[in-house]
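No lab work stands behind these numbers, since they all come straight from the coordinates. On a predicted model such as this, the values are computed, not experimentally measured, just so you know. Note: ideal-geometry Cβ built from the backbone for every residue, glycine included; neighbour counts use all protein chains shown.
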Amino acid sequence: MSGTWVDVPEGSPFTAANLPYGVFSRPGEQPRVGVAIGDNVLDVSACPVPYADDLRVGSLNPFMSRGRTAWTELRERVSDLLGDSAHRSSVGSHLLPRDDVLLHLPFEVADYVDFYSSEDHATNIGRMLRPDAEPLTPNWRHLPIGYHGRSGTVVVSGTPLVRPCGLRKAPGDDQPSYGPSLRLDIEAEVGFVVGAPSALATRVPPDALADHVFGVVLVNDWSARDVQAFEYVPLGPFLGKSFATSVSPWVVPLDALEAARVDAPRQEPAPEDYLRTEEQWGLDLAIEVRLNGHLISRPPFAGMYWTPAQQLAHLTVNGASLRTGDLFASGTVSGPTREERGSLMELSWNGAEPLTLPDGSTRTFLEDGDTVTMTASAPAVGGGRLGFGELRGTVQPAHAG
């Protein structure tokens, strides 16, 4: 679809080539599914569309579970309703100003898995933490490393981020101490939302990504680096990650990103057969991260070493099943230059090189009151660019006690 009768301001992330799904409500009304177009939200369940009953609830899960045929059918119908001016009189009344609605978590999160798929990020972390050793662990180029997160603390953009507490031990301390994290960080990531489930004890090949993944969101995997550093040996991240993970409120359909697909970087050694695919599943997404309104990083997603298709194949290779609402994230997106690093730990080189903001203030890690904002754009089918909307979170002081 190349056009629409809806007024879409120039530069809007929500073009007619995008049509992302979210969940919204107005005062006194129940949440339901909407589609973003320009500065408006289409109350899609009130329109003559298939699967309308699935869309009258406060979650995308019922509709997502129907699978790719249904996803394509609804997208084509919404494109027709918004593209053909003959539908203006019947559909126009169901367009609501986006500023007048409250956006909710768009799907019920079943399981949450976070990967570690940027070679630049993994190399930076390795150089900081293991300066006398190889920066990448021996397994890194053989499989997409990840950890199983906490689905119950995935929150929608705008949810305040309360500074977590935990045990932390500075290098010069004799004993650990309990208290608020002093090294609160961000991780700029991209998340993939599973719609169609898979059966237990079956594998999902990488070529089947589009059969299972409904769409894409932005992710900020907040991290308490000091808590994480003390707890992670030998089993990995736990409380340093599980207090909150923020996602953007709009799920961009995978079909909308067809023009963004690119080849992934060359992988050496060649991956195992279960990770090989002829499909192009690198994605040319341009991410921007802002701290208190100041642009601090532009992480490039196209350079990610492991693709979402390989991540999906790896997380099911042992027979683990997919469920509707599963979320798997890319891991921190970083590029080769300082301006492309997707975490404050990298931007400040673990606190040794404070980041200077345009207002003259400096940061190594987040302070109370700081607001982190992420946006991203991608090439759109038919030309131009589409966007993911805004992912925002503001740090609040730790709770007393």
Task: Criterion: within 20 Å of SER246 (Cα to Cα), surrounded by 15 or more Cβ atoms within 10 Å (Cβ to Cβ) and touching a His at 6+ places or on another chain (Cβ under 8 Å) - qualifying residue of VAL113, VAL155 - done: VAL113
- [ ] Within the range 157-178, work out how many residues are within 20 Å of THR373 (Cβ to Cβ) and not aliphatic (A, V, I, L, M).
- [x] 5
- [ ] May I ask you to verify whether GLY335 is of a type in the set (Gly, Ala, Ser) and touching a residue at least 60 places away in the same chain (Cβ under 8 Å)?
- [x] yes
TODO: May I ask you to say which residue of ALA259, ALA244 is farther than 17 Å from ALA376 by Cβ and small (Gly, Ala, Ser)?
DONE: ALA244
- [ ] Kindly provide the set of residues from the range 67-94 that are under 26 Å from the mean Cα position of the chain (by Cα) and either at positive phi or free of Cβ contacts under 8 Å to residues at least 60 places away in the same chain (or both), ordered by number.
- [x] GLY67, THR69, ALA70, GLU73, LEU74, GLU76, VAL78
Open item on the list: Being among the aliphatic types (A, V, I, L, M), more than 16 Å from the chain's Cα centre (by Cα) and surrounded by fewer than 24 Cβ atoms within 10 Å (Cβ to Cβ) is the filter here; which residues of the range 301-317 pass it?
Closed with: LEU315, VAL317
- [ ] Would you mention how many residues in the range 247-300 are more than 21 Å from ARG141 (Cβ to Cβ) and surrounded by fewer than 19 Cβ atoms within 10 Å (Cβ to Cβ)?
- [x] 13
Open item on the list: So MET345 passes all but one of these: (1) crowded, with 22+ Cβ neighbours inside 10 Å; (2) within 22 Å of LEU105 (Cα to Cα); (3) not small (Gly, Ala, Ser). Which condition number does it fail?
Closed with: (2)
Open item on the list: Can you pull out every residue in the range 159-192 that is among the charged types (D, E, K, R), in contact with a Pro (Cβ under 8 Å, 6 or more places away or on another chain) and outside any loop (DSSP other than H, G, I, E, B)?
Closed with: ARG168
TODO: Considering only the range 1-94, give the strands (runs of 3 or more DSSP E) lying wholly within it that have at least 2 residues that are among the aromatic types (Phe, Trp, Tyr) and surrounded by 22 or more Cβ atoms within 10 Å (Cβ to Cβ).
DONE: 21-25
Task: Residue selected from the range 199-243 under the condition surrounded by fewer than 18 Cβ atoms within 10 Å (Cβ to Cβ) and of a type in the set (Asp, Glu), by the criterion nearest to PRO160 (Cα to Cα) - done: ASP211
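Looking only at residues in the range 318-356 that are within 30 Å of ARG66 (Cα to Cα) and hydroxyl-bearing (Ser, Thr, Tyr), which one is nearest to the chain's Cα centre (by Cα)?
Among them, the one singled out is SER330.
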